[in-house]
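The values are calculated or read from the model by the stated rules, or taken from the named source; none is laboratory data. These numbers come from a predicted model, not from an experiment. Methodologically, a virtual Cβ is constructed for each residue, glycine included, from the backbone with ideal geometry; neighbour enumeration extends over all protein chains shown. What goes into the accessible areas is simple: the full protein's heavy atoms, side chains included, and nothing from ligands, DNA or RNA. Shrake-Rupley method; radii C 1.70, N 1.55, O 1.52, S 1.80 Å.
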Amino acid sequence: MKIKSSKRNFFQRILGLPVTSEPKDSTCWSYSDGKLILDLKKVPELKNPGGAIRLEGRDLPERILVFFGEDQQYYVFKNRCSHVGHRRLDPVPGTNTVQCCSISKSTYDFDGKKIFGPAPHSVIKYSAVVDGDKLTATIS
Ligand code: FES
């Protein structure tokens, strides 16, 4: 299967450096009692299709990837490739896929199902609801 990849050089892939950054405004999100709340007004990174942020630390039980797809939907994934390196993921703009930042490029569809690469299984996609400017995802 022919897949498209994010532009990453060999060293970026060896080191597992993702394309996706943490949000510029760190006050845009909170986490409590299994709920991730994101204030979309504070996240210009998610305004355009293919845009993404990664959330890590604080009390989050997992690394999280949030992205806005070409289908105008928001997605929240556990940001952990199911392959042995458990590297971070990035959306690949224009492809409706999410890809591991490592050298092996395991690739998943927007349901988290693996469609390419050595990863043994899907990645976890969390349910997300948008109400106005507030996105709420249940992380469990
Ligand atoms: S860690 Fe993702 S393909 Fe190896």
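Where the centre of each part is set by its Cα atoms, how far does region 35-78 sit from region 122-140, in angstrom?
So the two Cα centres are separated by 9 Å.
Using a cut-off of 12 Å between beta-carbons, work out the net charge of the residues near Glu56 (Lys and Arg +1, Asp and Glu -1, Glu56 not included). Could the numbers behind the result be given before it?
Details: positive: Arg54, Arg58, Arg63, Lys78, Arg80, Arg88; negative: Glu22, Asp59, Glu62.
Net charge in that neighbourhood comes out at +3.
Sequence-distant or interchain residues sharing an amide H contact under 5 Å with Val92, placed H: which?
Residues meeting the amide H criterion: Thr97, Val98, Gln99.
Please give the per residue accessible area of region 1-123, computed with a probe of 1.4 Å over protein heavy atoms only, in Å².
Values: 6450 Å² over 123 residues.
That works out to 52 Å² per residue.
Grab the DSSP H runs of the chain that are 4 residues or longer, score each as -39,500 (n - 2.57), total them, divide by all residues and round the 222 nm result to the nearest 500 deg cm²/dmol.
The per-residue figure over the chain is -1000 deg cm²/dmol.
Which residue fluctuates the most in the chain, going by a Gaussian network model with Cα springs under 10 Å, if the choices are Tyr31, Tyr108, Tyr75?
Comparing Tyr31, Tyr108, Tyr75 in the GNM, the peak value goes to Tyr31.
For the chain, which cysteines have no disulfide-compatible partner, meaning no other cysteine Cβ under 4.7 Å?
Unpaired cysteines in the chain: Cys28, Cys101.
Normalised by the residues of region 10-138, what does the relative contact order come to in percent, with Cα pairs under 8 Å and at least six apart? Spell out each step's value before the answer.
On the way: 287 pairs, mean separation 29.7, N = 129.
For region 10-138, the relative contact order is 23 percent.
Which trypsin sites (Lys or Arg not before Pro) in region 30-113 pass both tests, a DSSP loop state and at most 10 other beta-carbon atoms within 10 Å?
Answer in residue order: Lys47, Arg58.
Give me a comma-separated list of calculated 3J(HN,Hα) values for region 3-12, in order, Karplus coefficients 6.51, -1.76, 1.60 applied at θ = phi - 60°, integers in Hz, x for any Gly or Pro.
In residue order, the calculated couplings are 10, 9, 10, 5, 6, 9, 7, 4, 6, 4 Hz.
At a probe radius of 1.4 Å, what is the per-residue accessible area of Ser30, in Å² to the nearest 10?
60 Å²
Given a 10 angstrom Cα cut-off, can you work out which residue in Thr107, Thr27, Thr95 is the most mobile in a GNM of the chain?
Thr27
For the chain, with a Gaussian network of springs between Cα atoms less than 10 Å apart, report the residue from Ser102, Ser26, Ser82 with the top mean-square fluctuation.
Ser26
Tell me, what % of the accessible area of the chain is carbon and sulfur with a 1.4 angstrom probe?
51 percent
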